[in-house]
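Q: One structure, pasted below without further comment.
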Amino acid sequence: MENLLDGIEEVLLMGPGPSCVSDEVYAALSKKTLGHLDPYFVKIMDAIKGQLQALLQTENRLTIPLSGTGSAGMEALFVNLVEPGDNVLILKNGVFGMRMAEVATRLGAVVDVLEFEWGTPVDVDAVKKQLEVKEYGMLAVVHAETSTGVLNPVADIGKLVAASPCLYLVDAVTSLGGIEIAQDTWHIDALYSGTQKCLSCPPGLAPVSLSPAAVEKLMKRQTKVPNWYLDLSLIVNYWEGESRAYHHTAPINMLYGLYQALRLILDEGPEMVYQRHRECHEELVVGLGDLGLEMLVDKPYRLPMLNAVKVPQGVDEAGLRRRLLNDYKIEIGAGLGPLAGKIWRIGLMGHTARPDNVERFLRALRETL
Ligand SMILES: Cc1ncc(COP(=O)(O)O)c(C=O)c1O
């Protein structure tokens, strides 16, 4: 019988994620599967916690990868830290802020949404004014809005909530591993990410980190966490302490992959990795400009790892993506929501962010246009 896996060809992943995976991470994924309570595996789990703490610049003890994609990380933090009736402020300037509002609303929170034009960043003054009007139990924002290519001022927003009891939640799905995150200095109480963007692992894990204030909120809940699988008060018993207790069977090989991916970033040096992302982004923007293409986002707010480019008049948006994939084995992304059909999203995430990939893409784009 035909084996469909034999037909898989290598594609240069330059969309909004997943990104390219290095040979070292593929090799890690194919190591022998250990038991989820095997002491050697527990050693690897402990190492991953330390690696994540280093990359996030945090002392938070509760820093672990959850089983599930970035959305599971989002859902986990909201189900653990929000109770019915809590006041939650969501800052929305793209699809993922919108998703956070949906998740919080389903939990019975009183959700206020401050919306900013898609393609522009969150306005810190507007947030400040809103915090003067009403007290919130949680403020949530997306660091790197993958749907628009906008970098939000996460550190500045953190200063606004630093001295208040309001928990500060940040989506770092696209930012982690591509730009600096200083979780403790920026006063972030709860952060989630995903493995398939700048960490350059396949999708399937969601690193999360909770500050002592967030853990206190979790421990002092009036109501049970309404989702058993994502209940962090249960999951910690598998990730912490001398004797580890079964909660669910961890995705062992995915965790090998994450361990290796984090090793690669920490060995190269996070600063060097961020610089590589910036340099590739700059090279890409110059090349796009030479082709007469315009960026969606103003220069100071552009993400290095996700480049939103306006589709020129008269160009078949989907047709171009199809040709890049069929003829050049390069994948780029389409626009989402109100930006569907209007932009392409070109990812330079993690292992993908290399000058030879930028050059190969620009050559292919020139020929295709
Ligand atoms: C900023 C952001 N948040 C959340 C998600 C959801 O992650 P996943 O698709 O891994 O569930 C994504 C995915 O693209 C994202 O870019």
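Q: Any idea which of Asn152, Leu81, Val142 is furthest toward the positive side of the dipole for the range 56-159, if Lys and Arg beta-carbons carry +1 and Asp and Glu beta-carbons -1?
A: Leu81
Q: Over the range 73-184, calculate the relative contact order: mean separation of alpha carbon pairs under 8 Å at least 6 apart, over the residue count, as a percent.
A: 26 percent
Q: In what sequence do Lys299, Lys92, Lys31 fall when counting other Cβ within 10 Å, fewest first?
A: Ordered by Cβ neighbours within 10 Å, fewest first: Lys299, Lys31, Lys92.
Q: What are the extents of the Cα atoms of the chain along their three principal axes, in Å, largest first?
A: Here the spans come out as 60, 55, 40 Å, largest first.
Q: If the cut-off is a Cα-Cα distance under 24 Å, which lysines reach Lys129, setting aside same-chain residues fewer than 8 apart in sequence?
A: Straight-line reach from Lys129, under 24 Å: Lys92, Lys159.
Q: First measure r as the distance between the Cβ atoms of Val110 and Arg61, then evaluate 1/(1 + (r/R0)^6) with R0 = 25 Å and state the FRET efficiency to the nearest 0.05.
A: Numbers: r = 30 Å, r/R0 = 1.22.
The calculated FRET efficiency here is 0.25.
Q: For a label point 7 angstrom out from the Cα of Tyr40 toward its Cβ, which stretches of the range 228-265 have the backbone nitrogen within less than 18 Å?
A: Flagged as within label range: 250-260.
Q: Straight-line reach from Lys329: which lysines have Cα under 25 Å away, leaving out those fewer than 8 places along the same chain?
A: Straight-line reach from Lys329, under 25 Å: Lys197, Lys310, Lys342.
Q: Moving on to the next point. So how strong a dipole does the chain carry about its Cα centre when Lys and Arg Cβ are +1 and Asp and Glu Cβ are -1, to the nearest 20 debye?
A: I would put it at about 400 debye.
Q: Residue by residue through the range 191-201, which ³J(HN,Hα) values in whole Hz follow from phi under the Karplus form 6.51 cos²θ - 1.76 cosθ + 1.60 (θ = phi - 60°), with glycine and proline marked x?
A: Couplings: 9, 10, 9, x, 8, 8, 9, 7, 7, 6, 10 Hz.
Q: Provide Ile235, Ile252 in ascending order of the number of other Cβ atoms located within 10 Å of each residue's Cβ, fewest first.
A: The order, fewest Cβ neighbours first, is Ile252, Ile235.
Q: 222 nm [θ] for the chain, helices only, -39500 (n - 2.57) per DSSP H run of 4+, per residue, to 500?
A: My calculation for the chain gives -12500 deg cm²/dmol from helical runs alone.
Q: Something else about it: Tally Lys and Arg at +1 and Asp and Glu at -1 over the other residues with C-beta under 12 Å from the C-beta of Gly158: what net charge comes out?
A: Local charge sum for Gly158: -2.
Q: Sticking with this one: For each of Asp189, Asp316, Asp123, count neighbouring Cβ atoms within 10 Å of the residue's Cβ, then give the residues from fewest to most.
A: Values: Asp189 26, Asp316 10, Asp123 15.
Ordered by Cβ neighbours within 10 Å, fewest first: Asp316, Asp123, Asp189.
Q: If I histogram all Cα-Cα distances within the range 25-148 using bins 5 Å wide from 0, what percent of pairs lands in each bin?
A: 2, 9, 15, 16, 17, 14, 10, 7, 5, 3, 1, 0
Q: What FRET efficiency would be calculated for the residue pair Tyr246, Glu268, taking the C-beta separation as r and a Förster radius of 45 Å, to the nearest 0.05?
A: Calculated transfer efficiency: 0.80.
Q: OK, next. Please compute the net charge surrounding Gly149, taking Lys and Arg as +1 and Asp and Glu as -1 over other residues with Cβ under 10 Å from its Cβ.
A: It works out to a net charge of +1.
Q: I want the local charge near Asp46. Using Cβ-Cβ distances under 12 Å, sum +1 for each Lys or Arg and -1 for each Asp or Glu among the other residues.
A: Here the charged neighbours net out to +2.
A short reminder: the numbers here are calculations on the coordinates, not readings from a lab. All values derive from a computational prediction rather than experimental measurement. All Cβ positions, even for glycine, are placed from backbone atoms using ideal geometry, and neighbour counts span all protein chains on display.
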